[in-house]
Every structure is written in structure tokens, then in C-alpha cells.
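What follows is a set of notes on a single structure, which appears directly below.
The values are calculated or read from the model by the stated rules, or taken from the named source; none is laboratory data. Worth saying up front: this structure is predicted, and the values here are computed from it rather than measured. Neighbour counts are summed over all protein chains in view; Cβ atoms, including those assigned to glycine, are modelled from backbone coordinates with ideal geometry.
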Amino acid sequence: MGKDMRDVYTETLIELAEKDDRICVLEADLMNATGTRPFSQRFPERTFDVGVSEADMVGTASGLSAEGKIPFAASFSTFASRRVFDQFFLSANYARLNVKLVGTDPGITATYNGGTHMSFEDVGMMRLIPDLTIVEPSDIVSCAALVKAVARHSGCVYLRMHRKGSQELYPADTEFTLGKGCVLRDGTDVTLIASGFVMVPEALRAAELLEKSGISAAVIDMHTIKPLDAELVVAYAKKTGAIVTCENHQTAGGLGGAVAELLAEEHPTRMGRIGSQERFGQVGTFEYLLNDYRMDAVSIAEKAENVIKRR
């Protein structure tokens with residue numbers, strides 16, 4: 001078994017903090033869930049657990065940022081978005097500070113925590129904040145690299161991160177740049193634009209299914225949802241003439257919405273969107289939820305075939 005995403009997140013923060021005394025961690029009574037206990041043991045003076053008080057956590061992080069620190073504040077994505085939106089909008093972003101807000105267990109990865117903890121709307125909310133950067137790593141390699149990029153970035157960031165589970169889609173030395181998507185697989189008939197731990201692997205599996213039907217599918221890992229890599233999206237829209245977005249989120253407001261808005265203005269293209277459609281969350285196993293919300297590889301492949309037919 002490999003390391004969980006949360007372990008890589010914490011190890012990367014420790015590595016950064018060893019060299020930069022501005023790095024600090026804030027939690028809202030979820031240190032064990034986020035996996036940051038080792039950071040607190042190594043840097044107790046730079047760890048702040050505010051208890052079940054997420055809005056206060058964001059306010060405290062904003063104060064630390066105002067004093068020159070680089071705070072990483074984490075909670076379940078429902079709490080790191082819906083519950084703290086006003087504080088994050090005003091205290092951190094409107095004030096032009098440098099707060100890194102981390103939302104864990106997005107969408108169906110909340111599994112048994114159920115609908116109250118299943119955020120299908122967090123990216124849509126965060127996209128409304130001016131100049132905010134939104135990042136979602138897809139594996140442990142991109143997680144480590146993107147956490148470092150987020151720490152270097154001057155300005156607020158929303159980091160949407162899976163907690164448990166390990167997968168490696170990239171070689172260990174892969175470099176990532178905020179705002180630049182990664183082409184994992186080239187293709188000529190349709191482009192699958194995916195984000196995150198759940199949907200990037202499903203998009204790759206869908207591309208393999210499509211290949212068996214004689215369809216050449218490109219797969220792009222859009223790890224930075226905002227700012228969107230407009231140049232890459234438009235280039236592949238022109239190349240393939242068909243786009244399918246894949247996200248562990250509502251199809252409205254998130255990655256699919258961002259791509260659709262861009263293409264409507266820059267290069268109108270036949271497209272489809274995979275994700276939750278006008279539904280709340282529910283309790284279930286990961287596999288059940290993946291299929292019930294039609295986010296699986298088969299559903300992606302079917303959507304791609306439909307879009308190609310309409311091209």
C-alpha cells in the first residue's frame with residue numbers, strides 16, 4: 001500500500017516548513033482526519049487547532065497571513081466552503097492576503113459521512129471569488145508538487161484534496177505549473193478534460209474503452225481549475241471538435257461550467273459534462289456512488305460517443 005494523499009500533504013508541508021518558518025497549519029478539530037498530527041509534533045509553535053470553529057479558523061489564518069505567515073487551513077470541503085465562505089471571501093481574499101484553504105473529501109469521496117459532508121458545489125462557490133486560484137491534485141506526485149506550488153504562489157488558494165487512498169499517475173520528477181493543464185494522453189476524436197483523484201483515472205479508463213471502439217480520446221488533467229488553461233482547452237477543442245468534462249462536482253459551476261463558458265466565447269464546440277446533476281449527496285460505498293452518479297468510465301465513454309455523434 002502506498003501513502004495516502006493526506007500523508008503526502010503533511011510530509012510536503014513539513015519539508016517546506018523546515019526551510020521556511022512562515023509555513024503554519026490550522027485545523028478545526030480534524031487534525032487526525034487531515035493527517036497533520038506529525039506536523040504539529042514537529043512544529044507545535046506553528047500549529048493551531050481552533051476546535052469546531054471553521055469560520056474562526058479562517059479568520060485566524062487571515063490574521064497570521066497579515067503578519068507575514070503562510071497559513072494552510074484545512075477542514076472537510078463542505079466546511080471549508082459553505083460554512084466559511086464569507087470569512088474566506090472578505091477576511092482573506094478581499095483583503096488580498098495569502099491564505100491557503102484546504103477542502104478535503106470532496107464529492108463522493110465523503111462516502112459514509114453522507115450528504116451533509118458531500119460537497120458538489122464547493123468549486124462553483126470558489127470560482128466566484130476574484131483572483132482566487134483553485135487546485136485539485138489527482139495523485140500523490142501531483143499532490144506534493146502542487147502543495148509546493150501553492151506555497152510559492154502569492155495570493156489565496158483553495159486546494160481541493162482527497163484524503164485517503166494512494167495512486168501514482170505521474171513519474172516522480174514531473175513538474176507542475178499552476179494554471180497549466182497536463183496532457184496525459186493524446187487523441188484526435190474527442191478530448192476528456194478531468195480533475196482530481198476520482199475523475200482523472202476514470203477518464204483514462206474511459207479513453208481505453210473508447211480506443212476499443214476505434215475512437216481516439218485525449219485526456220487532460222486540469223489540476224488548476226482557476227485560472228483555467230484556456231490556451232490548452234481551445235487548442236484541443238480545435239483539434240478534436242468534441243469535449244467532455246469529468247468532475248467529482250456538480251456539472252454546473254465547476255470545471256464543466258468553466259470550460260463551457262470559455263468555449264462559448266472563444267471556440268464554440270460540441271461538449272458534454274460528467275458529474276452530479278441537480279442532486280444532493282448520500283451515504284454509500286465509493287463504488288456505489290461512482291456508478292450511481294454516473295461518474296464511472298463507462299458513463300464517460302458513453303457521453304463521449306454521444307458528443308461525437310452530435311459533432
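Key figures
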read-out: Hey, residue 235 out of contact with any His (no Cβ under 7 Å at 6 or more places or on another chain) and surrounded by fewer than 19 Cβ atoms within 10 Å (Cβ to Cβ) or not; value: yes
read-out: Some residue of region 210-217 being touching a Gly at 6+ places or on another chain (Cβ under 7 Å), farther than 17 Å from residue 181 by Cβ and modelled with pLDDT of 95 or more; value: yes
read-out: Total residues in region 229-253, condition assigned to a loop (DSSP other than H, G, I, E, B), in contact with a helix residue (DSSP H, G or I) (Cβ under 8 Å, 6 or more places away or on another chain) and closer than 17 Å to residue 180 by Cα; value: 0
read-out: Filter result for residue 20 (acidic (Asp, Glu), under 19 Å from residue 81 (Cα atoms) and over 20 Å from the mean Cα position of the chain (by Cα)); value: no
read-out: Members of region 201-232 found to be among the charged types (D, E, K, R), in contact (Cβ under 8 Å) with a residue 60 or more places away in the chain and either within 15 Å of residue 267 (Cβ to Cβ) or crowded, with 23+ Cβ neighbours inside 10 Å (or both), listed by number; value: 202, 221
read-out: Residues of region 116-134 classified as in a helix (DSSP H, G or I) and within 12 Å of the chain's Cα centre (by Cα), total; value: 4
read-out: Selection count, region 48-94, where residues are among the aliphatic types (A, V, I, L, M) and within 24 Å of residue 148 (Cβ to Cβ); value: 10
read-out: Matching residues, region 135-157, being part of a loop (DSSP other than H, G, I, E, B) and of a type in the set (Gly, Ala, Ser); value: 138, 154, 155
read-out: Matching residues, region 167-200, being surrounded by 17 or more Cβ atoms within 10 Å (Cβ to Cβ), outside any strand (DSSP E or B), touching a residue at least 60 places away in the same chain (Cβ under 8 Å) and not acidic (Asp, Glu); value: 195, 196, 197, 198, 199, 200
read-out: Residue list for region 238-261, filter: touching an Asp or Glu at 6+ places or on another chain (Cβ under 6 Å) and surrounded by fewer than 18 Cβ atoms within 10 Å (Cβ to Cβ); value: none
read-out: From 91, 77, 40, 53, residue being crowded, with 24+ Cβ neighbours inside 10 Å and either small (Gly, Ala, Ser) or modelled with pLDDT under 95 (or both); value: 77
read-out: Members of region 270-311 found to be surrounded by 15 or more Cβ atoms within 10 Å (Cβ to Cβ), without any contact (Cβ under 8 Å) to a residue 60 or more places away in the chain and closer than 13 Å to residue 256 by Cα, listed by number; value: 270, 271, 272, 273
read-out: Number of the condition not met by residue 162 [criteria: (1) buried (at least 18 other Cβ atoms within 10 Å of the Cβ); (2) at pLDDT 95 or above; (3) of a type outside the set (Asp, Glu)]; value: (2)
